[in-house]
Amino acid sequence: MSERVPDGWEETNLSGLVSVDAESLKGNTNPEYKFKYIDISCVSTGEVKPPSQHILFHNAPSRAKRIVRKNDVLVATVRPNLKAFAHFDEEGEDWIASTGFAVLRNKEQADSRFIYNVMLSDDVSRQIEKLVAGSNYPAINSSDIKELSVLSPPLPEQKKIASILTSVDEVIENTQKQIDKLQDLKKATMNELLTKGIGHTEFKDSELGRIPKSWGINELGDYVKCQGGNAFPSSEFGKIGIPVVRISNIKNGLVDLSGCVHFSESEQFERFIVFEGEILLAMSGATTGKIGVYKAKSPAYLNQRVGRFRIEDKKNVDSAFLNHLVQSEIFADATLRDAIGGAQPNISSSQVESVIYAFPTLSEQKVIASILNSVDHKIDVQNAKLNQTQSLKKSLMQDLLTGKVRVQLN
């Protein structure tokens, strides 16, 4: 907690501002009582995806106990570092949450949305991290929640702070909705273009279904090779050297090098160097089939079980088209068909290369890629706006929730 308490504020335990788990279902609840059950999977940071169906008490999980009302704050006590915390905005009297949540209900001197933002603050996060440090099963309990130390301004100031932060949340939410719509548009457009092309009137039957007459059927390996990475010894990973792209670095269509390991530069590994613009593939584990485009300016090494696509025949395959093809559902379905089923999904380069696809002419590939690139550009613009607004929210929280910057009250 900050050493300086702003004028007019007080430092208090959270229990001074909220009641924790104020209401719970009793064991003698009517077995036919119907309610909507909120489990851990329903909540992410700032969002509740409530179930639409009711369940009966006698059919409900034993953890279905916490009574939730509008304006309560849900705080996941299991793996709290994931911050599955949300302000509950639903109407009605039939909401029950899992005992995996602490349900915070604001007292008269507190604003519920202010409390929600306090729970996401850096100071509260640090306190929670200390509570779960060293635990094999990171969790906190309701008594831990009650003892969290927080700064509390007067109620009018709480409401003003909450109003500012909520307005930023609304921008974030609306931007995310725009991104989701664009991604849905790209998905539909991609499926249409990769199966029917542009402006075709003549089609033919093929082993892949009806395709434009001018398209050819080929194995991916006829044009493109999938090269696997090297088994770099993990004992020699460090914090300096060349970044190593591992399966865990492939996320959301990109290669994320934050927190990556490094390996000493050596000429013997030159053929495993990854360059900007190359398309990588996770070839085993839970993310098997996921694609990531390497966009860093500096090179990296390709680790084992990560593949990269190399175009061998540039007269028949456009690199931008290939990028969209391997990120499509068509590729995912074809590639994972033989990989899924075991406890550890796994695909080989030969499996990837042996899958057949319908290939447009090179000129049509370029047009298809251009159309999909334009949608990607719109998504990138919205993602940049989202990141900027999220950074603004974080900065505002640090300033407003500590009293570093005081709000002006009307």
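Brief remarks on what is shown
- Links that overshoot a 24 Å alpha carbon limit, given the list Lys36/Lys394; Lys83/Lys394; Lys107/Lys160; Lys36/Lys385; Lys65/Lys130; Lys83/Lys378: Lys36/Lys394; Lys36/Lys385; Lys65/Lys130; Lys83/Lys378
- Taking the charge dipole of segment 279-401 about its Cα centre, with +1 at Lys and Arg Cβ atoms and -1 at Asp and Glu Cβ atoms, the residue from Leu396, Asn316, Tyr294 reaching farthest to the positive side is Leu396.
- About the Cα centre, charge dipole magnitude for the chain (Lys/Arg +1, Asp/Glu -1 at Cβ), debye: 40
- Compactness of segment 284-410 - radius of gyration and Dmax, Cα, Å: 21.4, 69
- Taking every alpha-carbon pair in segment 174-273 and binning the separations at 10 Å intervals from zero gives 11, 25, 22, 23, 16, 3 percent.
- When only the Cβ of Lys, Arg, Asp and Glu is charged (+1, +1, -1, -1), the dipole of segment 65-203 relative to its Cα centre reaches about 280 debye.
- Phi-derived couplings, Karplus 6.51 cos²θ - 1.76 cosθ + 1.60 at θ = phi - 60°, listed residue by residue for segment 394-406: 4, 5, 5, 4, 4, 6, 7, 7, 9, x, 4, 10, 9 Hz, with x used for Gly and Pro.
- Cβ-based net charge around Asp111, under 11 Å, with every Lys or Arg adding one and every Asp or Glu removing one: +2
- Taking every DSSP helix (H) stretch of at least 4 residues in the chain, weighting each as -39,500 (n - 2.57) and dividing the sum by the residue count yields a mean residue ellipticity at 222 nm of -10500 deg cm²/dmol.
- For the chain, the per residue solvent-accessible surface stands at 53 Å², with DNA, RNA and ligands left out and a 1.4 Å probe.
- Taking every C-alpha pair closer than 8 Å and separated by at least 6 residues, the mean separation divided by the residue count of the chain gives a relative contact order of 16 percent.
- Portion, in percent, of the accessible area of the chain that falls on carbon or sulfur, probe 1.4 Å: 48
- Ratio of Rg to Rh over the chain (Cα coordinates, Kirkwood Rh, two decimals): 1.05
- Cα principal axis extents for segment 207-354, largest first, Å: 53, 38, 25
- Amide hydrogen proximity for Gly216: with H placed 1.01 Å from N in the peptide plane, the residues at 5 or more positions away or on another chain lying under 5 Å are Phe359.
- Using a simple spin-label model with pseudo-atoms 7 Å out from Cα toward Cβ, Lys177 and Ser19 lie 3.4 nm apart.
The values are calculated or read from the model by the stated rules, or taken from the named source; none is laboratory data. Bear in mind the structure is a predicted one, so any value in this text is a computation, not a measurement. Cβ sites come from the backbone with ideal geometry, for glycine too, and all protein chains shown count toward neighbours. Areas reflect the complete protein model, heavy atoms only, side chains present, ligands, DNA and RNA absent. Shrake-Rupley method; radii C 1.70, N 1.55, O 1.52, S 1.80 Å.
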